[in-house]
1. Is there a residue being surrounded by fewer than 21 Cβ atoms within 10 Å (Cβ to Cβ), over 22 Å from the mean Cα position of the chain (by Cα), among the charged types (D, E, K, R) and not assigned by TED's automatic domain parsing to the domain that holds Thr723 anywhere in the stretch 398-407?
2. Quick test for you: out of Gly649, Gly644, Gly603, Gly667, pick the one residue that is outside any helix (DSSP H, G or I), in the same structural domain as Ala746 (by TED's automatic domain parsing) and over 30 Å from His525 (Cα atoms).
3. Give the residue, chosen from Phe701, Phe729, Phe742, that is among the aromatic types (Phe, Trp, Tyr), assigned to a helix (DSSP H, G or I), crowded, with 16+ Cβ neighbours inside 10 Å and more than 18 Å from the chain's Cα centre (by Cα).
4. With respect to Ser264, determine if the residue is polar (S, T, N, Q) and either at pLDDT below 90 or closer than 30 Å to Phe176 by Cα (or both).
5. Which of the following residues is exposed (fewer than 15 other Cβ atoms within 10 Å of the Cβ) and assigned by TED's automatic domain parsing to the domain that holds Gly179: Glu258, Glu230?
6. Does the stretch 339-362 include one or more residues that are crowded, with 22+ Cβ neighbours inside 10 Å, more than 21 Å from Arg141 (Cβ to Cβ) and either in contact with a helix residue (DSSP H, G or I) (Cβ under 7 Å, 6 or more places away or on another chain) or of a type in the set (Gly, Ala, Ser) (or both)?
7. Does Arg752 meet the test of being out of contact with any Lys or Arg (no Cβ under 7 Å at 6 or more places or on another chain) and surrounded by fewer than 18 Cβ atoms within 10 Å (Cβ to Cβ)?
8. Going residue by residue through the stretch 537-547, is there one that turns out to be among the aliphatic types (A, V, I, L, M) and in contact with a helix residue (DSSP H, G or I) (Cβ under 7 Å, 6 or more places away or on another chain)?
Amino acid sequence: MNSNETTADVLDHDFNSSSARSYRKWRHIKDVATRYLMAFGGVSVIAAIVLIAFYLLYVVVPMFKSAEIEQIATYSVPGGSESETLYVAMEEQREIGLRINNLGQVVFFNTANGEIRSSVDLRLSDDVSITAVSSGDQTERMIGLGLSDGRVMFFQHNYTVSFPDDVRLITPSIFFPFGSEPIQITEVGDEVIHLSVQYDSEEATIVAHGADSTIKVLNLIKEESMLSDEIEITREESLITLDADDVIALRIDIEQREMYVADSLGNIHYYDISNKSEPRLVQKVKAVDDGIMITAIEFLAGGISILVGDSSGQIAQWFPVRDADNNYTLQKIRTFNKQKSPITAIAPEYSRKGFIAIDESGEMGIYHTTAHRTVLLKQIDDHALKSITVAPRANAALLQNDKGVLQFWYLHNEHPEISWQSIWGKVWYESRDKPEYIWQSSSASSDFEPKFSLTPLAYGTFKAAFYAMMFAIPLAILGAMFTAYFMAPKMRQVVKPTIEIMEALPTVILGFLAGLWLAPFVEQHLPGMFVMICFVPLSILLAAAGWEFVPNHIRHKVPDGWEAALLIPVIIIAVAFSIQISAPIENVFFGGNMPLWLSTEMGITYDQRNSMVVGFAMGFAVIPTIFSISEDAIYSVPKQLTTGSLALGATSWQTMVRVIILTASPGIFSAVMIGLGRAVGETMIVVMATGNTAIMDMSIFEGFRALSANIAVEMPETEVDSTHYRILFLGALVLFAVTFFFNTIAEVVRQRLRTKYSSL
């Protein structure tokens with residue numbers, strides 16, 4: 001520096017040099033880039049979370065939409081409106097319809113325009129007319145016709161699909177499985193007034209009511225000769241004398257074991273016809289109020305429930321319920337929204353627990369029984385509706401009014417099984433003795449009643465989190481308190497990283513060990529596990545108390561903060577002792593098998609993979625998270641607070657309780673909530689360490705099914721866009737909402753704790 005240059009000149013020269021300006025410019029660019037990059041990252045995280053939430057809603061919302069209907073065509077009934085329609089049906093592709101009239105004509109027609117495809121004359125004599133009709137199980141496509149001369153005719157309507165020139169062609173036909181000749185069932189000349197038939201590949205049951213007060217039960221069994229392929233039909237008949245007024249309808253269940261008779265006074269007579277030679281009246285029940293008549297009665301898909309429509313527009317569901325004496329009695333389960341006028345017909349869906357009802361005012365209602373939901377209620381005609389059929393896939397319907405006009409409608413009703421009641425409330429499912437919370441998503445049967453209650457899954461989720469946190473919170477927080485405040489620095493440098501490394505263990509490994517090693521071990525040493533829970537803490541307390549009586553010259557050889565190392569052999573000895581005395585305790589007090597004793601003597605079910613195992617395994621996975629955050633929060637408490645407290649005469653423990661814990665409480669609370677979120681969303685440990693049974697029981701000896709585990713197990717097996725698929729997404733949305741709720745609560749409480757104790 002020259003003598004004439006001042007210090008200010010030199011500094012100004014240095015700061016304004018080209019290199020300095022370049023450096024400041026580059027640093028400014030990095031600062032701006034970092035600021036915007038971090039802001040972009042934060043906004044991206046928030047946007048990703050919002051998009052996840054909206055995508056979950058996008059998948060879930062369609063389940064709660066109402067049904068949609070669209071009228072495709074309207075035309076006069078094929079075959080002539082001068083004849084009376086007895087029965088209508090549709091094939092699976094909803095292209096061809098079937099109409100049977102009272103003249104004995106079976107007419108196949110195009111549903112889109114009413115054009116006749118083919119017609120079959122059943123060749124009834126001039127003096128014989130059709131007086132009754134029954135369709136039996138819809139999936140069998142069997143139709144029974146009762147004739148005026150006391151005979152019954154059987155036939156199936158079948159549809160053959162071919163592809164000439166790569167164009168789908170459906171060819172309808174009829175088939176007579178018991179021969180084309182009608183079967184005599186009542187006395188000759190005694191017309192069949194009411195009829196019900198059921199058929200499977202080997203057996204058919206017919207019940208018919210004539211002019212008198214009796215019902216004829218006829219069982220036909222087909223036996224095919226293995227040598228000649230000849231078919232022999234065996235008949236078994238019986239007669240039921242009715243204790244009833246005018247019969248309105250007869251219905252037989254699919255299994256051909258039960259029969260229901262509705263009379264004009266609103267009674268339903270419930271018969272057991274499993275023994276066809278000796279039918280037995282089980283129950284007579286009043287199905288409607290006085291002054292109201294039964295106007296329609298049909299079986300729901302599966303043949304367990306019956307739907308009863310009456311003259312007030314009310315529809316009720318009934319099915320047999322097993323009582324305490326193991327006897328079945330018919331009970332009214334639920335009723336649906338009233339329609340405007342008397343119900344004229346009820347058409348159940350083929351494979352779901354839904355149905356469509358029509359009434360005399362021209363109103364149509366779409367319902368689902370399990371969900372107890374009115375999916376749609378709409379006025380579609382100004383005239384009375386007389387007959388209805390639903391396509392096998394429940395995507396179309398044919399309706400006829402009293403003016404001989406046939407209407408063809410498209411139906412869009414994808415998810416009628418879902419309602420708030422079916423998801424979260426108790427539902428009275430078929431063949432159950434009471435309303436229950438049940439998750440049972442699939443079955444081999446096509447008429448299965450899906451059980452989509454999320455309540456047991458949510459219950460299992462919180463049950464798993466509860467037992468895990470009961471195990472993890474005391475160990476993690478107390479360990480963090482000792483490590484951060486009482487432990488020697490060198491020992492802390494070893495202990496803290498070791499525990500944090502535990503968090504890196506894959507949960508699938510923990511679940512694997514819990515399911516294949518820990519669960520059998522706990523079962524074999526169950527008394528020892530309870531001894532361990534009590535004896536290990538007691539041993540630690542006794543060791544701590546005994547340490548006070550050790551001579552000072554020995555105690556002083558152990559450096560301050562290394563006392564925890566002395567507890568390691570104490571804990572090992574206590575655990576080993578607990579396991580060793582398990583077998584003697586089990587032999588003396590529990591007959592050598594404590595799980596069996598719990599089941600037989602206490603009525604407590606013991607599952608090998610239970611909540612205790614999940615609590616240990618998941619607690620082990622959660623401990624590192626809670627410990628690490630809590631320890632950092634405690635260790636970060638300003639030293640002046642602890643030294644000031646000690647200087648004022650407080651003990652180390654008083655300082656910990658009255659100063660450090662309060663100051664670190666926001667961080668400790670955040671650690672607990674983060675650990676809870678981890679426990680709620682844990683998947684692999686729950687999948688592998690519990691039985692995955694969706695039950696609602698707080699017993700520590702029984703398993704459960706959590707929402708996350710349910711998604712992991714069932715998502716690969718679901719049909720895309722099915723109700724099962726969407727309700728799994730609903731479970732994910734519930735998990736998302738629960739996590740968001742807990743995080744929000746945690747942040748609010750943390751901020752309040754920080755504000756409250758920041759002045760310490």
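The values are calculated or read from the model by the stated rules, or taken from the named source; none is laboratory data. Computed from a prediction, not measured in an experiment: that's the story for all the values here. Cβ atoms come from the backbone with ideal geometry, glycine included; neighbour counts cover every protein chain shown.
1. Within the stretch 398-407 (the criterion being surrounded by fewer than 21 Cβ atoms within 10 Å (Cβ to Cβ), over 22 Å from the mean Cα position of the chain (by Cα), among the charged types (D, E, K, R) and not assigned by TED's automatic domain parsing to the domain that holds Thr723), the answer is yes, since at least one residue qualifies.
2. Exactly one of Gly649, Gly644, Gly603, Gly667 is outside any helix (DSSP H, G or I), in the same structural domain as Ala746 (by TED's automatic domain parsing) and over 30 Å from His525 (Cα atoms), namely Gly649.
3. Testing whether each residue is among the aromatic types (Phe, Trp, Tyr), assigned to a helix (DSSP H, G or I), crowded, with 16+ Cβ neighbours inside 10 Å and more than 18 Å from the chain's Cα centre (by Cα) leaves just Phe742.
4. So Ser264 passes the test.
5. Answer to the selection: Glu230.
6. Among the residues of the stretch 339-362, at least one is crowded, with 22+ Cβ neighbours inside 10 Å, more than 21 Å from Arg141 (Cβ to Cβ) and either in contact with a helix residue (DSSP H, G or I) (Cβ under 7 Å, 6 or more places away or on another chain) or of a type in the set (Gly, Ala, Ser) (or both), which makes the answer yes.
7. yes
8. yes
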